[in-house]
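Student: Here it is: the structure, laid out below.
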Amino acid sequence: MSDDTAEFTFELRVCQWAEREWPPSGSDAVGDTTAVIARQLGTKRRRWDTIVVEADPDALRRRARFGPERLDSDLLHVVRNAPAEWAWYRDALPDPGYPWQYVREAVHRASDRGIVDTRKDGRGRIELRRKWPYPDWVERLVAVENKPDLDASAARDLAPQLQRDVALALADEVWVATTATGATVEPALLEDVPVEAGVLLVDDDAAEVAWHPRALAVDDPGTIIAERPTGTGHDASAARFEYADPEWKADKRIEIAERAYERGWRSYVDTMRPDCRHFEVRSADGDVLPWCAAKGRHPTAAECSGSCPQWEPEPPAWRQRGWPVTGGPGKAIKRLLDRQRRRQRPGREK
Ligand code: SF4
């Protein structure tokens, strides 16, 4: 199995396990929460392998009223500030710090999505009124970096990224997930991993905590390590830092959570080729992972694409045997994964 294949499959397994079992025992998770899991999300500068959004179950159900698509920053500005009674949008919404024209467009988009009410007053000005308060559904945001083979050199490579995560404290916790080998984790191996990061040992259907993470100060200002010296003898440059204020962090956290809510972790199928005759899904613990019959293994999202030399279309006959209206097995697989994604979103089960 190539490294890419191993990492992709490992990542899906971590997502699958987290959806079923999160939080790990001994975690700081707040009371009874529902875990919303997504892959490959973050900020412009940093993308995490796995994101766990710990959500208040009631608030998550109320979030479902705003629809399955994410609310981007402009829409969040509208729905979080929309008044209970009719008001001109420029009176009702705080100055966004960018031209009002963009706010007006966002008000129209929110209205088109049916998540606020709008009307024109006698002077032709746009008024808005909220339909529901936007719920405070995100309890905690947890970032997981997946390294199936955490050898000493992988740990060294990972360390600067984790140090950046700890300095910024955008997520409440940062973890490294690695394959359980059955052996005790060598302390030397973890030397380079910041002590604030947790370590999770994952095997096929379970995971165990080898090191508990420290809760990061998400409400405090964070530090963005924009540049740092390489540490080699020839690099005498100074590290460069930027400041991240708590409001910026709070906004980013909810934007990431909204994207996680929309995408979930099964969205890999949107970029893969379930319409290929070799594409299958294999069940593991009630969930499914992609399988390529031509290669005899789990394919990565990158290789299972339009440029795959082994791609072959589903034979037309497959579409005629009981699939005439709704498409062939490829479409059925997409529907299955979509159903599973919806099952994890209270209020969106149908
Ligand atoms: S042959 Fe290529 S496109 Fe088809 S399932 Fe395998 S990896 Fe995907």
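To keep it simple, each residue is scored yes or no on (1) buried (at least 17 other Cβ atoms within 10 Å of the Cβ); (2) closer than 30 Å to ALA64 by Cβ.
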| residue | (1), (2) |
| --- | --- |
| LEU141 | yes, yes |
| VAL144 | yes, yes |
| SER153 | no, no |
| ASP172 | yes, yes |
| ALA215 | no, yes |
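Student: Which of the strands (runs of 3 or more DSSP E) contained wholly in region 65-151 include at least 3 residues that are over 30 Å from ASP32 (Cβ atoms)?
Tutor: 116-120, 126-130
Student: Follow-up. Kindly indicate whether any position in region 105-128 is buried (at least 17 other Cβ atoms within 10 Å of the Cβ), touching a residue at least 40 places away in the same chain (Cβ under 8 Å) and not aliphatic (A, V, I, L, M).
Tutor: yes
Student: For region 306-316, enumerate the residues that are touching a residue at least 24 places away in the same chain (Cβ under 8 Å) and in a loop (DSSP other than H, G, I, E, B).
Tutor: Listed by number, the residues that qualify are GLY306, CYS308, GLN310, TRP311, GLU312, GLU314, PRO315.
Student: If ARG62 passes every condition in (1) in contact with a helix residue (DSSP H, G or I) (Cβ under 8 Å, 6 or more places away or on another chain); (2) among the charged types (D, E, K, R); (3) in contact (Cβ under 8 Å) with a residue 60 or more places away in the chain but one, which one does it miss?
Tutor: Condition not satisfied by ARG62: (1).
Student: A follow-up question, please. Can you tell me which residues in region 286-305 are in contact with a Lys or Arg (Cβ under 7 Å, 6 or more places away or on another chain) and either in a loop (DSSP other than H, G, I, E, B) or more than 10 Å from the ligand (Cβ to nearest atom) (or both)?
Tutor: Across region 286-305, the qualifying residues are VAL288, LEU289, CYS304, SER305.
A short reminder: the numbers here are calculations on the coordinates, not readings from a lab. Quick caveat, the model's predicted, so the values are computed rather than measured. Methodologically, a virtual Cβ is constructed for each residue, glycine included, from the backbone with ideal geometry; neighbour enumeration extends over all protein chains shown.
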